[in-house]
Amino acid sequence: MLNGLLLIVGAVRMRRTVPGVLPALLFIVSGLWLLLGAARLPAQALRPDSLFDRLVGHWVLRGSIARQSTTHDVDFEWMLGREYVKMHEVSRERGPNGAPVYEAVVLFGRDPRSGEYACLWLDNTGASAFDAAGIGRGAVAADSIPFVFNYTPTDRFHTTFVYNRAADSWEWHMDNDSSGVRRPFARVTLTRRITAEVR
């Protein structure tokens, strides 16, 4: 914008030598300004997200996954200018080689036009080249973000984050879904990790 103003000032100085320069430059600069301003309108019209802000931080996950009691450390942080949230989840349980039994990195985003949420789930249970089955989509419903991962036309996986405002904690529900019949896979709670708590 500053460059545009400098062009106008220069054109005012030149108007005595080249007739018609000022109106032409004013037209071009104002047109560019309108185009650039209009390009931002869809994102500006969408209210800022409040649930992502409540996810960001350090958490301890406790509960049952695949009928096994478990504890994980989970960190959420903003990345790329607060456009995305990254989750890093590491189980406290270790395998024979000393590595975590489970580890995941998940990227969350929100479409600035539609408000739809999406996440790309990467974990150590199986490598892939960003298979579509690892991408979940959903829309906020009150204080929850329900993601659906479509594996086949009849099989899907539901991962729902539910925020508890009173406790400042999250419930995390995961369900297998085969032909519309849902079966619980995990029921866990995320509570804020105390700084001194050992990982």
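The values are calculated or read from the model by the stated rules, or taken from the named source; none is laboratory data. Since we're looking at a predicted model, the values are computed, not measured. Cβ coordinates were reconstructed from backbone atoms using ideal geometry, including for glycine residues, and neighbour counts include every protein chain displayed.
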- Residue satisfying all of: in segment 155-199; among the hydroxyl-bearing types (Ser, Thr, Tyr) and more than 18 Å from ARG137 (Cβ to Cβ); nearest to the chain's Cα centre (by Cα) among these: TYR163
- Task: Would you mind finding the one in ARG82, ARG110 that is surrounded by 14 or more Cβ atoms within 10 Å (Cβ to Cβ) and either closer than 19 Å to ASP131 by Cβ or of a type in the set (Lys, Arg) (or both)?
- Result: ARG110
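Looking at segment 154-188, which of its residues are aromatic (Phe, Trp, Tyr) and touching a Ser or Thr at 6+ places or on another chain (Cβ under 8 Å)?
If the condition is that a residue be aromatic (Phe, Trp, Tyr) and touching a Ser or Thr at 6+ places or on another chain (Cβ under 8 Å), then PHE161, TYR163, TRP170, TRP172 are the ones that fit.
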- Note on the structure: When restricted to ASN124, ASN150, ASN164, the only residue without any contact (Cβ under 8 Å) to a residue 24 or more places away in the chain, within 23 Å of ARG62 (Cα to Cα) and in contact with a strand residue (DSSP E or B) (Cβ under 9 Å, 6 or more places away or on another chain) is ASN164
- Message: What's the total number of residues in segment 57-68 that are surrounded by 13 or more Cβ atoms within 10 Å (Cβ to Cβ) and among the basic types (Lys, Arg)?
- Response: 1
- Pick out the one residue from THR125, THR71 that is in the same structural domain as PRO184 (by TED's automatic domain parsing), β-branched (Val, Ile, Thr), surrounded by fewer than 16 Cβ atoms within 10 Å (Cβ to Cβ) and modelled with pLDDT under 90. THR125
- Looking at segment 46-99, which of the residues that are basic (Lys, Arg) and in a strand (DSSP E or B) is farthest from ARG113 (Cα to Cα)? ARG94
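Suppose we keep only residues that are touching a residue at least 40 places away in the same chain (Cβ under 8 Å) and of a type in the set (Val, Ile, Thr) within segment 127-147. Which one would you say is nearest to GLU89 (Cα to Cα)?
Checked segment 127-147; the qualifying residue nearest to GLU89 (Cα to Cα) is ILE145.
Looking at ALA133, ALA99, ALA39, can you tell me which residue is surrounded by fewer than 14 Cβ atoms within 10 Å (Cβ to Cβ) and at pLDDT below 85?
Result of the check over ALA133, ALA99, ALA39: ALA39.
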